[in-house]
Amino acid sequence: MPSDKHTNKKVTYSYYPKSPGRVQDFVILLGAILVMVGAAFVVYIMQPYFGELHLERMNNSWGIALIVVGTALLIFKICFLSYILFLYLRYRSVKSVSDDRLPISTVIVPAYNEGELVYRTLMSLAQSNYPHEKLQLISIDDGSKDDTWEWMQKAKAELGERLAIYQQPHNQGKRHALYRGFNLAIGDVFVTVDSDSIVKRDTLRNLVSPFVLDEKCGAVAGNVRVLNTRNAMIPRMLNVSFTFSFEFIRSAQSKLGSVLCTPGALAAYRKDVVMVCLPDWMNQTFMGQLSDIGEDRAMTNMILKQGYHVLFQRNAYVYTNIPEKYKSLYKMFIRWERSNIRENIAMSKFAFGKFREESRIGPRILLLDQWLKVFVAYPGMLLMFFLICTHPVLFLSSAFLSMFIFSSIQVFFYTKRHNLPESLWAYPYSIFYTFTLFWITPYAIATASRKGWLTRDLPSDR
């Protein structure tokens with residue numbers, strides 16, 4: 001553990017989130033649930049009006065088309081979720097191998113304007129239950145404008161030769177920092193960790209064990225949880241969404257050997273596989289411009305294209321900071337959606353060919369589901385505005401009921417995996433997302449060619 005210079009005593013950092021239990025939290029949770037239950041009651045008592053609207057639609061071709069398309073989409077989503085559930089129930093994490101079988105691993109931590117957070121990240125990595133002689137730790141300051149370099153030097157002073165730190169001459173972007181780290185690495189496995197993330201002691205050994213047991217494993221995604229849940233309501237709400245996305249969706253994808261994105265917060269790659277695609281990754285372009293976002297999914301795509309498996313390790317936990325303010329949140333989501341659109345196109349170029357020997361049906365289904373979200377973005381938004389203007393009560397009541405049903409799936413899952421009180425934040429988050437973030441995907445589609453990280457400001461501005 002890091003020591004306090006003034007007292008020479010060991011200092012224990014509170015790395016992991018605790019529930020704040022504020023009164024206003026209870027009010028918001030209760031309000032969201034009451035609104036959704038009230039919507040269900042409204043839908044029940046207004047059944048005659050829903051029936052009239054259905055008959056009205058059946059009397060014109062546009063209405064019939066809307067019903068057919070809507071029914072088809074609903075059937076697809078139900079079938080897709082059933083398929084994901086089937087895969088999830090068969091998923092098992094790979095248990096850690098013994099010390100003598102663990103590979104030599106290089107952990108690369110790029111940092112930009114992270115301040116003290118990078119120090120905490122590096123110290124948590126150094127405290128990992130991993131043989132010191134098999135672990136190379138590298139951190140690269142990507143031209144930060146704050147005191148990030150000083151905190152990296154502090155970590156270096158405490159860890160000595162166990163940590164190597166470097167500075168970029170100026171801010172060049174995360175992809176360039178990782179590229180430098182890849183070329184400095186001596187490990188057989190590369191691990192990338194965001195500089196605002198904290199790992200558990202067994203995380204690294206759990207993360208890299210699949211490479212030892214599966215020679216076709218090219219990359220492994222870690223299990224990302226939210227670190228700063230105690231600080232604000234947005235992180236508290238997203239914690240449930242993150243858990244569902246990783247522990248349910250990525251568990252299912254892992255059974256297909258086709259996790260679609262290895263997260264920047266924590267991922268591992270087989271060295272030989274990375275070096276094959278590294279030139280293409282560094283020189284990747286979209287609409288004639290060099291790509292400066294989506295480096296994680298781009299790397300994942302290029303590894304899948306080589307025919308390797310991309311897996312998920314549920315027992316490799318990392319806690320990461322996410323935006324606490326709405327503006328920073330929507331910028332992060334815009335960046336993610338732009339990357340998804342670009343990489344959906346890239347994956348479509350090889351996913352329907354013979355990119356690997358094993359079954360390719362599963363990865364194609366996953367890709368089709370990704371494209372479905374893109375295809376319905378504009379029609380869905382226009383339909384929402386139309387129904388709000390023409391049938392506001394019917395639309396809002398049915399929308400809240402739909403949110404309640406889908407959120408309850410996440411609540412049930414989170415409760416089974418963790419606990420009930422935190423799971424309830426899925427309800428207010430579904431309302432928050434539906435009415436304040438619905439525009440993200442349509443906007444990202446229209447601006448997919450734009451560059452820029454968007455959220456890497458100074459810590460005081462986040």
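The values are calculated or read from the model by the stated rules, or taken from the named source; none is laboratory data. Since the structure is predicted, the reported quantities are computational estimates derived from the model, not experimental observations. Using ideal geometry, Cβ is built from the backbone for each residue, glycine included, and neighbour counts are taken over all protein chains shown. With ligands, DNA and RNA removed, areas are computed over all heavy atoms of the protein, side chains included. Shrake-Rupley method; radii C 1.70, N 1.55, O 1.52, S 1.80 Å.
Below, the figures for the structure above:
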read-out	value
The chain: angle of helix 233-243 to the longest principal axis, Cα-based, in degrees nearest 10	90 degrees
Gain on full stretching of the segment that runs from residue 77 to residue 41 - 0.36 nm per residue minus C-alpha separation	10.5 nm
Segment 270-378: relative contact order as a whole-number percent, Cα under 8 Å and 6+ apart	26 percent
Under 15 Å from residue 416, Cα to Cα: aspartates and glutamates that are on another chain or at least 8 residues apart	247
Å² per residue, accessible surface of the chain at 1.4 Å	47 Å²
Prolate/oblate/rounded call for segment 349-430, Cα gyration tensor, a/c under 1.5 rounded	oblate
Normalised contact order of segment 175-254, rounded percent, pairs of Cα under 8 Å and 6 or more residues apart	17 percent
Rounded to 10°, Cα long-axis angle of helix 116-126 versus longest principal axis of the chain	70 degrees
Percent accessible area from carbon and sulfur atoms, the chain, protein chains only, probe 1.4 Å	61 percent
Positive-end extreme of charge dipole, the chain - chosen from 96, 368, 298 (charges on Cβ)	96
FRET efficiency, residue 30 to residue 373 (Cβ-Cβ, R0 30 Å, nearest 0.05)	0.45
Approximate spin-label separation residue 49-residue 183, in nm, with each point projected 7 Å along Cα-to-Cβ	6.5 nm
Within straight-line cross-link reach of residue 77, aspartates and glutamates at Cα separation under 15 Å, skipping those fewer than 8 residues along the same chain	369
Rounded tilt (10° steps) of 361-375 against the dominant C-alpha axis of the chain	60 degrees
Net charge dipole size for segment 278-333 [Lys, Arg +1 and Asp, Glu -1 on Cβ; Debye, nearest 20]	240 debye
Length-normalised contact order of the chain in % [C-alpha pairs under 8 Å, at least 6 apart]	19 percent
Computed FRET value (nearest 0.05) for residue 389 with residue 69, which takes r as the C-beta separation and R₀ as 25 Å	0.80
Where chymotrypsin sites (Phe, Trp or Tyr not before Pro) fall in DSSP loop in segment 291-377, at most 12 other Cβ within 10 Å	352
Separation in nanometres of the label points that stand 7 Å from Cα toward Cβ, at residue 408 and residue 133	5.8 nm
Cα-centre dipole for segment 129-202 with unit charges at Cβ (Lys and Arg positive, Asp and Glu negative), debye to 20	160 debye
Loop-located GluC sites (Glu not before Pro) in segment 321-373 whose Cβ has at most 10 other Cβ within 10 Å (DSSP)	357
Within the chain, helix-based [θ] at 222 nm, where runs of 4 or more DSSP H residues each add -39,500 (n - 2.57), nearest 500	-17500 deg cm²/dmol
Given (i) 36, 25, 21; (ii) 36, 29, 22; (iii) 40, 26, 21, the label whose value is semi-axes √(5λ) of the Cα gyration tensor in Å derived from this model	(iii)
Length gained when the stretch residue 276-residue 433 is fully extended (0.36 nm per residue, less Cα-Cα span)	52.6 nm
13 Å beta-carbon shell around residue 100, net charge (K/R +1, D/E -1)	+1
Distance in nm between pseudo-label sites at residue 446 and residue 56 (7 Å out along the Cβ direction from Cα)	2.8 nm
Given charges at beta-carbon only (K, R positive; D, E negative), |dipole| of the chain in Debye	480 debye
